[in-house]
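Peer 1: Let me give you the structure first, and then I'll get to my questions.
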Amino acid sequence: MTPVRKTRTTRRTTTAGLTGLVGLIGAALALTLAAPARAGETPTAPTPPTALAAPATETSADGWRLTPTGTDARFRGLAAVDRRTAWAAGSRGTVLRTTDAGHSWHNVSPPGAEGLELRDVEAFDARRAVVLAIGEGEASRLLRTGDGGATWTEAFRNTDPRAFYDCVTFLDRRHGLALSDPVDGRFRILATRDGGGSWEVLPDSGMPAALPGEAGFAASGQCLVTAPGGGKDVWFATGGAATARVFHSADRGRTWTVTDSPVPAGDPARGVFALAFRDRGHGLAVGGDYRAGQPSPRAAAVTGDGGRTWTPAGTPPPAYRSGVAWLPHSRTAALAVGPTGTDLTRDGGRSWRTVDTGSYDTVDCAPDGGCWASGEKGRIARLARG
């Protein structure tokens with residue numbers, strides 16, 4: 001896309017979360033969890049690889065509870081393992097991990113990664129994770145750990161100056177994909193079959209042609225997603241071109257179909273920024289215009305047929321949203337986040353209501369009901385209930 005995409009947004013908000021989050025999300029979770037649980041920033045010195053213990057600055061009995069990260073890095077990569085365990089990846093090569101529900105975060109950043117912009121992390125458990133560094137050419141890399149971040153291995157380094165990787169996702173513990181902006185007019189897909197240990201570029205013969213100016217957004221680690229259950233379906237979202245589109249593959253990225261979305265595009269700053277699917281059929285798309293102060297009409301859409309068709313939300317979020325996640329075990333409830341707030345839907349994405357005004361870039365929920373959000377100025381929050 002344009003250089004704007006490479007630095008992304010730099011908005012700043014400091015508004016505390018609204019207490020309305022308590023009742024709305026609490027009620028939604030009470031219903032859904034009855035089922036069985038399943039850039040532009042000033043560089044600072046890296047934090048030592050020990051538990052960080054700065055005091056939390058914002059707490060509530062319920063709702064988003066900020067946790068003490070001890071850093072001002074911006075975290076656009078987030079992986080919720082469970083209520084106690086989560087990983088976050090962000091600016092200046094920063095990777096944090098908690099195993100005690102966010103009471104303390106351990107800095108497990110890869111050595112020498114201070115110059116990398118980490119925008120996505122996929123974690124299998126408290127020990128195994130894969131992080132994606134974005135950028136043109138060799139700035140795009142995939143790093144892997146199997147010991148909780150004590151050591152890291154570089155599993156892939158992009159050597160094509162035309163490629164720019166945006167997101168990574170895993171269909172199961174072995175099969176994963178990473179998405180690059182178009183090369184020679186088609187989006188490029190990278191694949192692994194060994195849990196991220198090795199990667200290969202897939203042939204692009206099954207990929208539809210990209211539109212002029214079309215690209216993905218490395219804003220929340222959710223431009224490339226799968227559905228729960230370990231199937232073969234994967235989706236990615238785009239913007240920047242005349243139309244924002246959603247691509248779908250039913251064979252682990254070998255062949256793809258594409259459809260238009262109703263989320264406005266037509267500018268390098270506009271399009272679909274994040275997707276979430278609760279199964280092979282039902283999905284959500286959120287986005288808008290990430291520039292501060294710009295309107296984002298029709299910033300959300302919903303599908304019930306696996307992405308073949310999309311319907312705009314009747315009452316969309318009021319502003320740009322960069323992250324979205326279904327609440328665990330719910331058929332109707334989900335959260336969307338962005339720099340100006342958090343929105344909740346309880347009708348499967350047809351209508352959204354703002355329930356918090358804190359700034360977050362991404363959100364993720366684990367099968368056991370643990371939900372987390374992260375964003376600018378070191379903000380990582382856990383959804384607290386009681």
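Peer 1: Out of curiosity, is Trp310 surrounded by fewer than 21 Cβ atoms within 10 Å (Cβ to Cβ) and among the aromatic types (Phe, Trp, Tyr)?
Peer 2: Criteria not met by Trp310.
Peer 1: So, in the stretch 90-107, how many residues would count as being more than 13 Å from Thr67 (Cβ to Cβ) and either at pLDDT below 95 or in contact with a Lys or Arg (Cβ under 7 Å, 6 or more places away or on another chain) (or both)? Break it down stepwise before answering.
Peer 2: First, pick out the residues of the stretch 90-107 that are more than 13 Å from Thr67 (Cβ to Cβ): 90-95, 107.
Next cut, either at pLDDT below 95 or in contact with a Lys or Arg (Cβ under 7 Å, 6 or more places away or on another chain) (or both) only: 90-91.
So the count comes out to 2.
Peer 1: Just checking, how many residues over the stretch 316-345 are within 24 Å of Ala218 (Cα to Cα), part of a loop (DSSP other than H, G, I, E, B) and in contact with a strand residue (DSSP E or B) (Cβ under 7 Å, 6 or more places away or on another chain)?
Peer 2: 8
Peer 1: Which ones in the stretch 188-236 are closer than 24 Å to Val286 by Cβ and of a type in the set (Asp, Glu)?
Peer 2: Across the stretch 188-236, the qualifying residues are Glu214, Asp233.
Peer 1: How many residues are of a type in the set (Gly, Ala, Ser) and surrounded by fewer than 19 Cβ atoms within 10 Å (Cβ to Cβ) when one looks only at the stretch 105-126? Walk me through how you get there before you give the answer.
Peer 2: Step one: list which residues in the stretch 105-126 are of a type in the set (Gly, Ala, Ser), which gives 109, 112-113, 115, 123, 126.
Now narrow it down to the ones that are surrounded by fewer than 19 Cβ atoms within 10 Å (Cβ to Cβ): 112, 115, 126.
Qualifying residue count for the region: 3.
Peer 1: Can we say Asp172 is closer than 23 Å to Gly323 by Cα and outside any loop (DSSP other than H, G, I, E, B)?
Peer 2: No, not satisfied.
Peer 1: Tell me, please, whether a residue that is surrounded by fewer than 24 Cβ atoms within 10 Å (Cβ to Cβ), farther than 27 Å from Gly369 by Cβ, in contact with a Gly (Cβ under 6 Å, 6 or more places away or on another chain) and of a type in the set (Lys, Arg) can be found in the stretch 69-84.
Peer 2: no
Peer 1: Could you list, in sequence order, all residues of the stretch 176-209 that are in contact with a Lys or Arg (Cβ under 6 Å, 6 or more places away or on another chain) and surrounded by 17 or more Cβ atoms within 10 Å (Cβ to Cβ)?
Peer 2: Across the stretch 176-209, the qualifying residues are Ser180, Gly195, Gly196, Asp204, Met207.
Peer 1: Please pick out the residue among Gly369, Gly358, Gly348 that is on the phi > 0 side of the Ramachandran plot, outside any strand (DSSP E or B) and modelled with pLDDT of 95 or more.
Peer 2: Step by step, each of Gly369, Gly358, Gly348 is checked, and only Gly348 is on the phi > 0 side of the Ramachandran plot, outside any strand (DSSP E or B) and modelled with pLDDT of 95 or more.
The values are calculated or read from the model by the stated rules, or taken from the named source; none is laboratory data. Fair warning: this is a prediction, and the values are worked out from it, not measured in the lab. Here Cβ is always computed from backbone atoms with ideal geometry, including for glycine, and neighbour counts include all displayed protein chains.
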